[in-house]
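Since the structure comes first, as structure tokens, the remarks are kept for the end.
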Amino acid sequence: MTDADERPPAGLSPDEAAVLAYEARTWPGPGAKERAIREGLGMPPVRYYQLLNALMDDPRALRHAPGTVNRLRRIREAQRARR
């Protein structure tokens, strides 16, 4: 495997690609996602959500996972509209 094969698509860092992959999954219950973030990604949930929020406005993330990013954007806009 070459270095090019190890890089995530669309120029995302490995952490950024992993955050998008985790966000695309469904989780069985409360706390499962946060536990998986800590154990699987080795980052605190707060850092995960900071990175996720930045990715929602990143064109590289949109190219990499358009369905996930667009879903997150719709949720964010609905939350803003309720405020």
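The values are calculated or read from the model by the stated rules, or taken from the named source; none is laboratory data. Every value quoted in this text rests on a predicted model; they were computed, and no experiment measured them. No Cβ is skipped: glycine too gets one built from the backbone with ideal geometry, and neighbour counts run over all protein chains shown. Note: areas computed on protein heavy atoms with side chains; ligands, DNA, RNA excluded. Shrake-Rupley method; radii C 1.70, N 1.55, O 1.52, S 1.80 Å.
Given +1 at the Cβ of Lys and Arg, -1 at the Cβ of Asp and Glu and no other charges, the dipole of region 16-83 around its Cα centre is 280 debye to the nearest 20. Surface exposure of the chain, expressed per residue as accessible area with a 1.4 Å probe, stands at 66 Å². Please report the base-10 log of the normalised intensity I(q)/I(0) for the chain, using a Debye sum with one equal scatterer per alpha carbon and no solvent, at each q in 0.15 (1/Å). The computed values of log10 I(q)/I(0) come out as -0.59.
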